[in-house]
Amino acid sequence: MIDKMIDKIMDRIAWGMSVIGAFVLFLMLVVTIADVVADKLLKLPFPGATELIMSIMPISVCAFLLSVQIKKRHIVIDILVNRFGPKARVFLQLLTPPCGIFLFGLLTWLSVPLAIHSVKIGEHTGGNVGVPMYPAKVMIPIATGLVTIQLLIDMVRILRDLKNPPTPAVNTCDINDQQ
């Protein structure tokens, strides 16, 4: 019951983050096309296009992290893992969430002060057009914090399944099957 509620909450958050990521990718596409068309046809480049793309690119990457973790669609090195036996694979499954929690937790912890500072000073890019940098710097700790929470949920479930393994389905046979 509580697992379904937690999954539903995390799925909705992941969906919202993915919508943000998709919007930012679309914005990058539009700005890039406008820059190329303006430069090639009008010989007048789109002012601030490079700065805008540079400032929103981290948002486009970070927005999809939670969805990737929930769906287990991250990169796996199958060539190496497939050479291990079943016990080593279980060990790697047990080792992965704590390593991820440590790394994403550390990234969250270290990026929060940078995001707060960036918002306080209203950080902008240099160049011809000043584009705000703080939205990207705020997205990084939000995304890594959410991934850390999802990894904690995954680790609790793995440990719970180790303690209480799921019971295998009972094979039923019909009298007619034995003839």
Looks like the range 1-76, by Cα gyration tensor root eigenvalues a ≥ b ≥ c and the a/c under 1.5 rounded cutoff (else prolate when a/b is bigger than b/c, oblate otherwise), is prolate
Of Pro97, Pro58, Pro113, the most mobile residue in a GNM of the chain (C-alpha springs, cutoff 10 Å) is Pro113
Mean-position separation - Cα centroids, the range 105-133 and the range 53-73, in angstrom
17
Once you keep just the Cα pairs under 8 angstrom separated by 6 or more residues, what percentage relative contact order results for the range 2-165?
28
Using only Cα atoms and rounding to the nearest 10 degrees, what angle (0 to 90) does helix 134-163 make with the longest principal axis of the chain?
0
Please list, in chain and number order, the residues 5+ apart from His124 or on another chain whose amide H is under 5 Å from its amide H, with Hs placed from the backbone.
Met133
Neighbour-count ranking [beta-carbon atoms within 10 angstrom, fewest first] of Ile149, Ile33, Ile77
Ile77, Ile33, Ile149
Longest principal axis of the chain (C-alpha) makes with the long axis of helix 86-121 (C-alpha) an angle, in degrees to the nearest 10, of 30
May I ask for the angle, rounded to the nearest 10°, between helix 2-42 and the longest principal axis of the chain, with both axes built from Cα atoms and the value confined to 0 to 90°?
30
Between Rg and the Kirkwood Rh of the chain, both from Cα atoms, what is the Rg to Rh ratio?
1.16
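Values in this text are rule-based calculations from the coordinates and carry no lab data. Model, not experiment: these values are computed from the prediction. We place every Cβ from the backbone using ideal geometry, glycine too, and count neighbours over all the protein chains shown.
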